[in-house]
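One structure is given below, encoded as structure tokens.
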Amino acid sequence: MSHRLTGQVAVVTGASKGIGAAIAKHLAEEGAAVVVNYASSKDGAARVVAEITGKGGRAIAVQANVAQPAEVRRLFATAKEAFGRLDVLVNNAGVYEFAPLEDVTPEHFHKLFDLNVLGLILATREAARHFGPDGGSVVNISSVVATAAPPKASVYSATKAAVDAVTRSLAQELGPRHIRVNSINPGMVETEGTTAAGLTAHESAFRQQFESHSPLGRIGQPQDIAPAAVFLASHESGWITGETLHIAGGFR
Ligand code: NAP
């Protein structure tokens, strides 16, 4: 078994479930020590940590709302204290809420932008302070909605288009410090979040729409996304920065 991340330390935001949990486990399988961040799902985060440590890996769970600057600072200080260094940040924590135009409110706007965009920037700012002289890798979890921009998703799509712009801008800004910044743009993935929102049921119009426009004809699973995060975190992608990788079964 290869261990592409031995000796490295990764923070994964929103890793108590879904795509973030799968990424945390895959990073740990490659030898990284992983900080499993969560907002409120203490048990979920503990399960992810137990799964990693049960296989001989290193992980801790750290509660922090990444939309809050003081909590973000505490998250990274705790990571440094626990594992002594930082090499990888996966900005996965995010909310999706859909709303037709007439239901868009400032509250809806700020809820989505505060986490999906501001939270991602705050976490990256803090990570950039903690990366060592060899730099680091930031992997932003964006979405195909950044470009596909479906109806009733103006605000959510805007947050993910912003994530892609942040990826390109920070790749330019941080490249001289050997910090790479890339995005993964998943299509529809079956997670606790999408399932609770009723999006993944076979009779869901959302799912049917996605599958009928996807050449591979199915929605994704978290493990369809996680190996690409490992690749973008590792030195194998050492000359890749500022890119957006669509993982969506060919959906556009
Ligand atoms: P999910 O199942 O809803 O899980 C969300 C994760 O984010 C949980 O661990 C949650 O922790 C955490 N979180 C929520 N608010 C947070 C906050 N303020 N601070 C820190 N953590 C917070 O989500 P998912 O479906 O795996 O999606 C993960 C990411 O992929 C999101 O950025 C989403 O936009 C993106 N994405 C998802 C899909 C999809 O179809 N699933 C497609 C494209 C892109 P708690 O449980 O503790 O709240």
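Let me confirm something: among 32, 22, which residue is touching a helix residue (DSSP H, G or I) at 6+ places or on another chain (Cβ under 9 Å), within 9 Å of the ligand (Cβ to nearest atom), at pLDDT 95 or above and within 15 Å of residue 233 (Cα to Cα)?
22
Scan the range 196-204 and give yes if some residue there is open to solvent by 60 Å² or more (accessible area, probe 1.4 Å), of a type outside the set (Val, Ile, Thr), assigned to a helix (DSSP H, G or I) and free of Cβ contacts under 8 Å to residues at least 12 places away in the same chain, otherwise no.
Yes, because at least one residue in the range 196-204 is open to solvent by 60 Å² or more (accessible area, probe 1.4 Å), of a type outside the set (Val, Ile, Thr), assigned to a helix (DSSP H, G or I) and free of Cβ contacts under 8 Å to residues at least 12 places away in the same chain.
Quickly run through the range 69-127 and pick out the residues that are of a type in the set (Phe, Trp, Tyr) and either under 17 Å from the mean Cα position of the chain (by Cα) or near the ligand (Cβ under 9 Å from one of its atoms) (or both).
76, 96, 113
If I filter the range 37-48 for residues that are in a helix (DSSP H, G or I), open to solvent by 40 Å² or more (accessible area, probe 1.4 Å) and near the ligand (Cβ under 8 Å from one of its atoms), do I get at least one hit?
Taking every residue of the range 37-48 in turn, at least one turns out to be in a helix (DSSP H, G or I), open to solvent by 40 Å² or more (accessible area, probe 1.4 Å) and near the ligand (Cβ under 8 Å from one of its atoms).
Pull up the range 133-162, narrow it to residues that are of a type outside the set (Ser, Thr, Tyr) and in a helix (DSSP H, G or I), then point me to the one that is farthest from residue 210 (Cα to Cα).
In this case the residue turns out to be 162.
When residue 132 is evaluated against the numbered criteria (1) surrounded by 17 or more Cβ atoms within 10 Å (Cβ to Cβ); (2) more than 15 Å from residue 92 (Cβ to Cβ), which criterion, by number, is the only one it fails?
Exception for residue 132: condition (1).
How many residues are among the β-branched types (Val, Ile, Thr) and under 18 Å from residue 109 (Cβ atoms) when one looks only at the range 139-186?
Qualifying residue count for the region: 5.
When you scan the range 73-91, do you find a residue that is buried (at least 17 other Cβ atoms within 10 Å of the Cβ), at pLDDT 95 or above, touching a Lys or Arg at 6+ places or on another chain (Cβ under 8 Å) and of a type in the set (Gly, Ala, Ser), even just one?
Scanning the range 73-91 turns up no residue that is buried (at least 17 other Cβ atoms within 10 Å of the Cβ), at pLDDT 95 or above, touching a Lys or Arg at 6+ places or on another chain (Cβ under 8 Å) and of a type in the set (Gly, Ala, Ser).
The values are calculated or read from the model by the stated rules, or taken from the named source; none is laboratory data. Quick caveat, the model's predicted, so the values are computed rather than measured. A quick note on method: Cβ atoms are made from the backbone with ideal geometry, for glycine too, and the neighbour counts reach across all protein chains shown. With ligands, DNA and RNA removed, areas are computed over all heavy atoms of the protein, side chains included. Shrake-Rupley method; radii C 1.70, N 1.55, O 1.52, S 1.80 Å.
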